[in-house]
1. Measure off, as a whole percent, the carbon and sulfur share of the 1.4 Å-probe accessible area of the stretch 14-139, all protein chains present.
2. I need to check one value: relative contact order of the chain, counting alpha carbon pairs closer than 8 Å and at least 6 residues apart, in percent.
3. Magnitude of the Cβ-charge dipole of the stretch 43-139, K/R +1 and D/E -1, about the Cα centre, nearest 20 debye?
4. Name the chymotrypsin sites (Phe, Trp or Tyr not before Pro) in the stretch 1-63 that are in a loop by DSSP and that have at most 13 other C-beta atoms within 10 Å, would you?
5. If the chain between Ala93 and Glu54 were fully stretched, how many nm would it gain, using 0.36 nm times the residue separation less the Cα-Cα distance?
6. Please give the FRET efficiency for Thr42 paired with Arg103, using the beta carbon to beta carbon distance and R0 = 30 Å, rounded to the nearest 0.05.
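The values are calculated or read from the model by the stated rules, or taken from the named source; none is laboratory data. Values in this document were obtained by computation on a predicted structure and should not be read as measured data. Cβ atoms come from the backbone with ideal geometry, glycine included; neighbour counts cover every protein chain shown. To get the accessible areas, we keep the full protein, side chains included, count just its heavy atoms, and leave off ligands, DNA and RNA. Shrake-Rupley method; radii C 1.70, N 1.55, O 1.52, S 1.80 Å.
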Amino acid sequence: MGAWGVKALQSDEGLEVLALVEEMSEGRDQVTADELVNAARTAGLLGGDPTEDEYLYDVTALALAEILTGDTAQLADPACGGTLFVPTPAGTAALVTWLTQLRDAGEDREFLELRSSDPRHIEHLTAALAALSRMQAAR
């Protein structure tokens with residue numbers, strides 16, 4: 001497990017998610033939130049139960065939120081740069097539910113325990129959740 005920034009995409013696990021998304025978006029104009037969530041689950045990067053304390057799943061949910069909301073400026077040249085990521089009711093709701101559970105779980109959750117030393121981590125999580133919630137409300 002390695003991380004060099006606040007964002008999930010700035011970690012080894014986040015790069016796994018990015019590789020999956022780049023592969024699935026190759027040659028496509030758009031990818032939906034449903035497709036993102038389902039592909040991550042199929043690849044074993046995201047579980048079905050947001051109450052499950054699994055670091056990889058938490059990073060994946062946050063990385064997918066970053067991709068869906070366009071919070072990817074830190075990436076030098078993502079191969080999926082020309083693909084539009086489209087929020088959908090079910091996919092966006094799954095990520096909102098996951099990030100809400102993560103935010104509200106407290107420091108007993110491995111993700112928060114490992115990242116609680118820097119307050120920017122919870123601020124980023126809260127901002128990603130707010131951006132997803134706005135997307136969900138706009139639909």
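1. Details: 2960 of 6100 Å².
Ligands and nucleic acids excluded, carbon and sulfur give 49 percent.
2. Values: 176 pairs, mean separation 40.6, N = 139.
Relative contact order here is 29 percent.
3. On the way: 6 positive and 15 negative charges, 114 e Å.
Result for the stretch 43-139 is approximately 540 debye, rounded to the nearest 20.
4. Numbers: sites: Trp4, Tyr55, Tyr57; in loops: Trp4.
Sites meeting the loop and neighbour criteria: Trp4.
5. Details: separation 39, 0.36 × 39 = 14.04 nm, distance 1.93 nm.
In short, 12.1 nm is gained.
6. Values: r = 26 Å, r/R0 = 0.86.
With R0 = 30 Å, the Cβ-Cβ based efficiency is 0.70.
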